[in-house]
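The structure under discussion is supplied below as structure tokens; questions concerning it will follow.
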Amino acid sequence: MKFLLFVEGHTEKRAVGQFLARWLNARLSRRVGLVVINLRGSGRFGKGVVEQAGFHLARDTAGQIVAAIGLLDLYRGADWPAEKVTPAERYAWGVRHYEKTVGNDRFRMFFAVHETEAWLLSDPGIFRPEVGRRIRPEWSAQPEEVDFDDPPARRLQAAYRVAANRAYRKALDGPNLFARLDPQTAYEKCPHLKALLDTMLELAQDAGL
């Protein structure tokens with residue numbers, strides 16, 4: 001059996017699916033698959049997830065899909081209504097919007113607050129020492145508090161430029177860093193990631209895994 005994970009980019013496809021699967025499969029009696037589908041940008045996500053989630057779930061006559069999961073960065077992740085300003089307001093609106101739009105009870109929507117790079121901030125030890133030393137303790141303690149104004153990837157860019165004299169390369173550095181990160185470390189520090197993983201675990205266990 002498997003989950004479908006709909007994401008917005010190459011890094012999420014290459015790294016985030018494996019990262020989530022490591023945590024889940026350490027807690028299940030039988031392994032669950034995780035098929036990651038890249039919808040190629042947040043601007044295409046809305047239309048793509050409606051079409052593809054509906055398509056795959058409708059064809060699953062054998063019941064092999066546990067659930068379809070949507071995952072977007074909260075930072076620039078959707079066309080928010082103007083009155084939705086705070087992270088909590090945007091998160092709640094986004095979940096309602098996408099789940100209603102897809103319209104299938106086996107679809108769940110989640111957001112990385114504020115970006116998946118927040119999860120990397122949870123453990124400075126996964127970075128080269130000169131970069132890790134520039135990850136502030138308050139960022140590591142509460143990664144999801146790294147905000148819209150100066151989001152996680154931008155802070156990593158600054159750290160790499162000063163400490164390593166180069167840019168943070170999302171598509172290249174991201175997968176290597178996620179491979180080093182213990183999912184439990186990020187789980188314990190990132191409440192929205194915890195909610196995502198707890199939901200996936202419950203759904204998998206309910207499916208007999």
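The values are calculated or read from the model by the stated rules, or taken from the named source; none is laboratory data. The shown structure was predicted, so the numbers you read here are calculated from the model rather than taken from an experiment. As a convention, Cβ positions derive from the backbone with ideal geometry for all residues, glycine included, and neighbour counts pool all protein chains shown.
Check every one of the helices (runs of 4 or more DSSP H) wholly within the stretch 59-139 and list those with 1 or more residues that are assigned by TED's automatic domain parsing to the domain that holds Asn38 and β-branched (Val, Ile, Thr).
The helices (runs of 4 or more DSSP H) meeting that bar are 87-102.
Which of (1) in contact with a Leu (Cβ under 7 Å, 6 or more places away or on another chain); (2) free of Cβ contacts under 8 Å to residues at least 40 places away in the same chain; (3) surrounded by 14 or more Cβ atoms within 10 Å (Cβ to Cβ) is the odd one out, the single condition Arg76 does not satisfy?
Against the list (1) in contact with a Leu (Cβ under 7 Å, 6 or more places away or on another chain); (2) free of Cβ contacts under 8 Å to residues at least 40 places away in the same chain; (3) surrounded by 14 or more Cβ atoms within 10 Å (Cβ to Cβ), Arg76 comes up short only on (1).
Right, next: Of everything in the stretch 135-157, what is of a type outside the set (Asp, Glu), in contact with a Phe, Trp or Tyr (Cβ under 9 Å, 6 or more places away or on another chain) and either buried (at least 18 other Cβ atoms within 10 Å of the Cβ) or touching a residue at least 40 places away in the same chain (Cβ under 8 Å) (or both)? Give them in sequence order.
Ile135, Pro143, Val146, Phe148, Pro151, Pro152, Ala153, Arg155, Leu156 - these are the residues of the stretch 135-157 that are of a type outside the set (Asp, Glu), in contact with a Phe, Trp or Tyr (Cβ under 9 Å, 6 or more places away or on another chain) and either buried (at least 18 other Cβ atoms within 10 Å of the Cβ) or touching a residue at least 40 places away in the same chain (Cβ under 8 Å) (or both).
Let me ask something else. Would you be able to say whether some residue in the stretch 120-132 is in contact (Cβ under 8 Å) with a residue 40 or more places away in the chain, buried (at least 18 other Cβ atoms within 10 Å of the Cβ) and within 30 Å of His56 (Cβ to Cβ)?
Yes, there is a match, as at least one residue in the stretch 120-132 is in contact (Cβ under 8 Å) with a residue 40 or more places away in the chain, buried (at least 18 other Cβ atoms within 10 Å of the Cβ) and within 30 Å of His56 (Cβ to Cβ).
Which pairs turn up if I take residues in the stretch 37-63 that are farther than 23 Å from Leu74 by Cβ and look for partners that are part of a helix (DSSP H, G or I) with beta carbon separation below 8 Å, at least 6 apart in sequence or on another chain?
If the second residue must be part of a helix (DSSP H, G or I), the pairs left are Gly54/Val102.
Given Ala167, Ala118, Ala171, which one is within 25 Å of Leu4 (Cα to Cα), at pLDDT below 95, of a type outside the set (Lys, Arg) and in contact with a helix residue (DSSP H, G or I) (Cβ under 7 Å, 6 or more places away or on another chain)?
Ala171
Working carefully through the options Glu99, Glu115, Glu130, Glu89, find the one that is among the charged types (D, E, K, R) and in contact with a Pro (Cβ under 7 Å, 6 or more places away or on another chain).
Answer to the check: Glu115.
With the checklist (1) closer than 28 Å to Trp80 by Cα; (2) over 15 Å from the mean Cα position of the chain (by Cα) in hand, flag the one item Leu193 doesn't pass.
Leu193 satisfies every listed condition except (2).
A follow-up question, please. Among (1) within 23 Å of Leu24 (Cβ to Cβ); (2) within 18 Å of the chain's Cα centre (by Cα), there is one condition Leu172 misses while meeting the rest; what is its number?
Only one criterion in (1) within 23 Å of Leu24 (Cβ to Cβ); (2) within 18 Å of the chain's Cα centre (by Cα) is unmet by Leu172, namely (1).
Hey, can you tell me all the residues within the stretch 75-100 that are polar (S, T, N, Q) and at pLDDT 95 or above?
Pass one, the stretch 75-100, residues polar (S, T, N, Q): 86.
Passing the criteria: none in range.
Being modelled with pLDDT under 95, crowded, with 18+ Cβ neighbours inside 10 Å, under 22 Å from Pro151 (Cβ atoms) and touching a helix residue (DSSP H, G or I) at 6+ places or on another chain (Cβ under 8 Å), is that true of even one residue in the stretch 62-70?
Among the residues of the stretch 62-70, not one is modelled with pLDDT under 95, crowded, with 18+ Cβ neighbours inside 10 Å, under 22 Å from Pro151 (Cβ atoms) and touching a helix residue (DSSP H, G or I) at 6+ places or on another chain (Cβ under 8 Å), which makes the answer no.
I'd like the residue in the stretch 1-46 that is aromatic (Phe, Trp, Tyr) and outside any helix (DSSP H, G or I) and, out of all such residues, is nearest to the chain's Cα centre (by Cα).
Ranking the qualifying residues of the stretch 1-46, first place goes to Phe6.
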